[in-house]
Amino acid sequence: MSEKPSQKTTIEQDNKTKIEITTKIENQSFTTKIEALEDSFPFDDITETYQRKKPVDPFIGQKCGENQEYLIVKFIAKGGMGNIYLCINQSETIDTDFVVVKFLDKECLEADNKEEIIQRFRREIKLLSSLNHPNIVNILDQGIYPLQKGKKIYHIPFFIMEYLQGETLSDYLVKKRQITIEESLFIITQILAGLRIAHNQGIIHRDLKPDNIFLIPTLNNKHIVKILDFGIARKIDSMSVVRLTKMNDYFATPYYVSPEHINGVTQLDARSDIYNLGLIFYEILTGNKPFTDYDDLLVTKGWLGVHNQKNPIPPNQQFGYDNIPLILNNIILKCLAKKPDDRYLSVEDILAEIINFSPNLKNLHTTKEYNNNISKKIFLNGLIFSFLLGIFISLSTFLIIHVINNNEQSLMNNQYTQNH
C-alpha cells in the first residue's frame, strides 16, 4: 500500500477525558498513538505499531518440472494470462544457470471461460516451441504444476523460457527519451526479422507493443532484440472471428490494436501486426505517440475510436523531429494506414526498404539457411584451395628434389672424370 497522510480523530467523553488518536499508515505497517489533550485527565501516551503481514507467494521456494529441476526463487512480472518467475536451473539438459517459468494465472482456472484461456496458454507454448529464431524468446520445457490451496488442487500449466537480462523497449524509451535514427533502425529491423519467421509459419502475434519487446545489451552498446508473449497469437488457418462489443471480449492492449482487430474480422493476417509495428516504430523514432486531440473520443470509445477515426501526425512533423528521413516517415505512415490493403503486404517488404535505405543492416538479417550456404561455399572453396595448394607443394618438392639429385649426380660424374 502506498504511504498515506496521518489520520486524526478527537474524542471527548466528558470534561475530564479528552484524547486524540493519530493513525499513520506506511508501506508495511501502521502506527496508532493515543495522547491526552490539554485540560484533560492526565495519563501516559500510548503508541502501538502493527506490522502488516506480507502475502505468502505459494510458488517461491518450490520446485517445478518433471524431475523437480527448476527451483523458483523470485517473482518477475505479471502478464495478461500468467505470472513469471526466475528459477535456478538444475537440469542437465539445459546449459544455463537461470531460466524463467511462466505459470498460467490461478484465477484463470476459476473463470467461466477457463477452457478457452487454457487453450490460449497451450497455444502459446505450441507456437513458441515451433519458432526458433534469435529475435524470438526461446522456450525450453513445459509441464503441469499441482498447486494446493486449502483442500483444492489446481493443475497449473507452465512453460520454461530462456532467462533474458535487460529491459523492455517500453522502459528503455522512458529512460532514454530520444535515441538516434541508427539505433532505431537497429532495433526495428530485428523486430522485423523475428516477425518474418513467425509470419512465414502463418503465426500472427496480435499483441505487439513495447512491453513485449525485450532488449539485451551488448558490449558494443547495441541490443539484441527478443519478441515476447505470443499469448494471444494465432495461426492464420485457425483464426476465429474477433468481436469487440465489450472490452473483455479480446485480450489485446487497447492502444496497440489494429482497426480491423477492433471491428471484427473472420481472419487477421500479417497486416494487423504491421499496424502495431507502425505504432512501435513511430515511438522509437520520435518518443511520441502518433495520435493527439483524442480527448473527445476517450469518454465514449477510447483508443478504439482513435484507431478508426484519427489520422496519425507524420513523424517528421513532431516538434524537434523534422530531420527524420522522408523514406522512414513514409514507411511508418504506410504501416498505419486504416485499411489493410493500403499497408505493406509483408514485413519482408518493410525490411527490404529499410535495408535499401541503410545497407549496413543487411548482414544482421540473413537467414540461417543463407548463412549455412555461405559456410558450405567457404568450406568447399577452402577444400579446393587446400587440394590445389597440396598439389603445388608436392610438385615443387618433387622438382626441388629432382634438381638436387641431378646436381649431385653431375658432381659425382665430374669427380669421376677428374680421377680417371
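Each reported figure results from applying straightforward, stated rules to the coordinates on display, with no laboratory input. Nothing here was measured: the structure is a model prediction, and the numbers come from that model. A quick note on method: Cβ atoms are made from the backbone with ideal geometry, for glycine too, and the neighbour counts reach across all protein chains shown.
Once you list every other residue whose beta carbon is under 15 Å from the beta carbon of His223, what net charge do they have if Lys and Arg are +1 and Asp and Glu are -1? Can you show the working numbers first?
On the way: positive: Lys175, Lys176, Lys222, Lys226; negative: Glu167, Asp171, Glu182, Glu183.
Here the count lands on 0.
Pro325 sits among other residues whose Cβ lies under 13 Å from its own Cβ, and their net charge, with Lys and Arg +1 and Asp and Glu -1, is -3. Multiplying the residue separation of Asn200 and Asn138 by 0.36 nm and subtracting their alpha-carbon distance yields 20.6 nm. Between Asn308 and Ser130, the distance separating the two model label sites (each 7 Å from Cα on the Cα→Cβ line) works out to 3.2 nm. Site pair Lys106 and Glu167 shows an inter-label distance of 3.3 nm when each label is modelled 7 Å from Cα along Cα→Cβ.
Which FRET efficiency, nearest 0.05, do Asp341 and Lys289 yield, Cβ-Cβ r, R0 22 Å?
0.35
Quick one: grab the alpha carbon gyration tensor of segment 70-218, order the square roots of its eigenvalues as a ≥ b ≥ c, and give me rounded if a/c is under 1.5, else prolate or oblate depending on whether a/b is larger than b/c. Here segment 70-218 falls in the prolate category. For Val56 and Glu348, FRET efficiency with R0 = 41 Å and r from the beta-carbon atoms, rounded to 0.05? Computed FRET efficiency for Glu348 and Val56 comes out at 0.25. Between Glu183 and Val73, the simple label model (points 7 Å from Cα in the Cβ direction) yields a spacing of 3.0 nm.
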